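Read through the structure below, which is laid out as structure tokens, and then see the notes.
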Amino acid sequence: MEQKNPGTRLAALLEARAIEADEWRLREYSLGSDVFAPQSETPPICVLKGGLVKLYYLVAEGDQWTKSYIIDAGVFGPTSASAQFTQFGASALENCTIGHISLIWLSQQLQRDEQLAGALGEFQNWLFERKRKREEDLLCLSAEDRYLNFLNSEPELAHRLEQREIASFLRVTPVALSRIRKRLKQDRKIPA
């Protein structure tokens, strides 16, 4: 079973510290809207309070490569205060409530707040392991096995995503995913 996401702990700490310092800005995003686009100049650190967000890259052919999803609570945004822009974008797949925090403020806060720095370190380690596992699955598993792993490790996400989103995340076409699902139902590996 996958380790619980330490991003929820980090999100709660960030919100509390930012509210205390009057650095918290809450925004609503409607279904389908961009939180920020790829190549955006220093977007804020985002704390998801509710909803579903997709992080994605634009590949050379103009297609989207899904980086990850954040569901109901978590943290996302630029990874470096020195970066001029982010390579990836974020879009709302449901109506979302998101707190914004300045990256400059966060950088300063991390230098003096050991609890916050520790929570960030734990979150970064979790992200690294999650990214390693996704890469390994994409390279080493069949599309069918990737789908079964996804259903087992992310049941709530599987329930809330459209099939085309799941197909994109698994790096198969929607038609291929439909065939995989049909075969798995016939073999009674998933409910009909």
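A few comments on the model shown:
- With the helix formula -39500 (n - 2.57) applied to DSSP H stretches of n ≥ 4, the chain reaches a computed 222 nm mean residue ellipticity of -14500 deg cm²/dmol.
- Helix 114-140 vs. the chain, principal-axis angle (Cα, 0 to 90°, nearest 10): 20
- Separation of the alpha carbons by more than 28 angstrom is noted, of Lys49/Lys189; Lys133/Lys182; Lys49/Lys182, for Lys49/Lys189; Lys49/Lys182.
- Sparsely packed GluC sites (Glu not before Pro) within the range 131-192, loop by DSSP, other Cβ within 10 Å at most 11: Glu162
- When the chain is treated as a Gaussian network with alpha carbon springs shorter than 10 Å, the biggest mean-square fluctuation among Arg179, Arg164, Arg27 belongs to Arg179.
- In plain terms, the residue of Val172, Val47, Val35 with the fewest other Cβ atoms within 10 Å comes first and the most crowded comes last, giving Val172, Val35, Val47.
- From phi via Karplus (6.51, -1.76, 1.60), per-residue ³J(HN,Hα) for the range 148-156 in Hz, x at Gly/Pro: 4, 4, 4, 4, 6, 8, 9, x, 5
- Distant-in-sequence amide H partners of Ser40 (H built 1.01 Å from N, under 5 Å): Thr86
- Ascending count of other beta-carbon atoms within 10 Å, so fewest first, for Ile71, Ile19: Ile19, Ile71
- Rounded to the nearest 10 degrees, the angle from helix 7-20 to the longest Cα principal axis of the chain is 30 degrees.
- Here the dipole of the range 141-192 is about 280 debye; that uses its Cα centre as origin and unit charges on the Cβ of Lys and Arg (positive) and Asp and Glu (negative).
- Cross-link reach is defined here as a Cα-Cα straight distance under 14 Å, omitting same-chain residues fewer than 8 places apart; for Lys131 the aspartates and glutamates meeting it are Glu2.
- Long-range HN-HN contacts of Thr173 with modeled amide H, under 5 Å: none
- For the range 1-158, a simple Cβ point-charge model (Lys and Arg +1, Asp and Glu -1, everything else neutral) yields a dipole of about 220 debye relative to the Cα centre.
- Length added when fully stretched, Ser33-Ala158, from 0.36 nm per residue minus Cα-Cα: 42.9 nm
Read the figures in this text as sums done on the coordinates, not as results from a lab. What you see is a predicted model, and the numbers here were worked out from it, not measured in a lab. Cβ atoms come from the backbone with ideal geometry, glycine included; neighbour counts cover every protein chain shown.
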